[in-house]
1. How many residues does region 136-157 hold that are within 12 Å of the ligand (Cβ to nearest atom), outside any loop (DSSP other than H, G, I, E, B) and not polar (S, T, N, Q)?
2. Looking only at region 2-22, how many residues end up being of a type in the set (Gly, Ala, Ser) and over 14 Å from residue 59 (Cα atoms)?
3. Considering 118, 60, 148, which residue is of a type in the set (A, V, I, L, M, F, W, C), touching a strand residue (DSSP E or B) at 6+ places or on another chain (Cβ under 6 Å) and crowded, with 18+ Cβ neighbours inside 10 Å?
4. Tell me whether region 81-88 contains one or more residues that are within 16 Å of the ligand (Cβ to nearest atom) and modelled with pLDDT of 95 or more.
5. Before we move on, is residue 222 touching a Lys or Arg at 6+ places or on another chain (Cβ under 8 Å) and either free of Cβ contacts under 8 Å to residues at least 40 places away in the same chain or part of a helix (DSSP H, G or I) (or both)?
6. Could you grab me the full set of residues in region 99-116 that are among the acidic types (Asp, Glu) and without any contact (Cβ under 8 Å) to a residue 40 or more places away in the chain?
7. Of the residues that sit in region 81-91 and are in contact with a strand residue (DSSP E or B) (Cβ under 7 Å, 6 or more places away or on another chain) and not in a loop (DSSP other than H, G, I, E, B), which one is surrounded by the fewest Cβ atoms within 10 Å (Cβ to Cβ)?
8. Looking at 218, 202, 227, 212, which is the one that is aliphatic (A, V, I, L, M), surrounded by fewer than 16 Cβ atoms within 10 Å (Cβ to Cβ) and within 24 Å of residue 157 (Cα to Cα)?
Amino acid sequence: MTSNNRLSGKTIVVTGSASGIGAGIAEGMAAEGANLVIADLNLDGAAAVAEKIVASGGRAIAVRVDVTEKTEVAAGIASAVEEFGRIDVYFNNAGMNSPMKYLDITPENFSLVMKVNALGTLIGTQEAANQFIKQGTPGKVVNTASIAGRQGFPSFAPYSAAKSAVISLTQSGARALAEHNITVNGFAPGVVETPLWDKLDADLEAIGEGDAGFDSMAGDIILGRAAQPSDIVPTAIFLASSDSDYITGQIIPIEGGMILV
Ligand code: NAD
C-alpha cells in the first residue's frame, strides 16, 4: 500500500462506503494511514471493503448502519470508538436517488429521498458532533452534496432538493458547531461512474426519460469524461486532514467543469 501517512492515526467513519464513492474514498484514506469505519446498510458489501483495506495493510472495520435511524448511527459510532478509541472525521456520504417526472412525484418518493440524503446528513452530523464534544477533541464532518444541489434537474427534483438541503445543513452545522472546534464542509461531485448510475439509468428508462441518463449528463463535462471515485479521493483526504483546518461551511465542486457553480 503506497502511503504518505497524511491521515496517520485518525479514525474516519464513512457512511455509504460499501460501494462507489464511499468505498473509493475509504480505501484512499486508509492508504494515508487512517483507521476506517465502513458504515453501510449493506453489511456484506461493507465487510468486503474493510477486508480489502486490511489485506492491503490498513486498518478497518465494517458496521451495519441505516443513516436515517439515530440509534443505529449512534451504535455505529460507539463501535468505532470501541475499536479505535475515538473518532476524528465523519463523512455523511450515504445517498440515493429515485427519479420521477416532476408532475408524477409522490409524497412518499419525496419523503424517502429527503430522508436518506438530508435527514441522514443531519443525524450523522449530530451524532458525530456529540461524540467529538464528549471526547473533548476537535472534529470534522464532511458531507457528500452534488451538482444537483446547485441546480434543479427535471427528473431528480426531490434529489436536487435534498442535496440543496445538504449544502444548507453544511452551512448551518458550520455555524452551530464552530464553538466546539468542529468544522463542517462538503464536496459536490458531478457525474461519477458508480453503481448508483446502473439503477438510475434503468429507473430513467422506465419512466421514459432514458435520454437524461449517464451518457447525456457526462456529455456536458468540459474535461471530456465522467469522474471515477479515485477523482474524489484527493479532496476527501484534504477535507479530512489538518490542511483544511481553517475551512468551514464550504462545498468543493468536483465536477470536471459541468455546471460551473
Ligand atoms: P452507490 O449507490 O454506489 O453507493 C451508495 C451507498 O450508500 C450504497 O452502498 C448503499 O448501500 C448506501 N446507502 C444507501 N442508503 C443508505 C442508508 N439509509 N444508510 C446507510 N447506507 C445507505 O452511490 P455513489 O455514487 O457512490 O454515491 C455516494 C454519494 O455520492 C451519494 O450521497 C450520492 O448522492 C452522491 N453523488 C453521487 C454522484 C454520482 O454521479 N455517482 C454524483 C453526485 C453525488
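The values are calculated or read from the model by the stated rules, or taken from the named source; none is laboratory data. Given the structure is predicted, the values throughout are model-derived calculations rather than measurements. Note that we place each Cβ from the backbone using ideal geometry, even for glycine, and neighbour counts take in every protein chain shown.
1. Qualifying residue count, region 136-157: 5.
2. Going through region 2-22 one residue at a time, the tally reaches 6.
3. Just one listed residue meets the conditions, 60.
4. Scanning region 81-88 turns up no residue that is within 16 Å of the ligand (Cβ to nearest atom) and modelled with pLDDT of 95 or more.
5. Taking the combined requirement at face value, the residue does not satisfy it.
6. Within region 99-116, the first condition is being among the acidic types (Asp, Glu), and the residues that meet it are 104, 108.
Within region 99-116, just 108 meets the criteria.
7. 83
8. Working: 218 fails: surrounded by fewer than 16 Cβ atoms within 10 Å (Cβ to Cβ); 227 fails: surrounded by fewer than 16 Cβ atoms within 10 Å (Cβ to Cβ); 212 fails: surrounded by fewer than 16 Cβ atoms within 10 Å (Cβ to Cβ).
One residue alone meets the criteria, 202.
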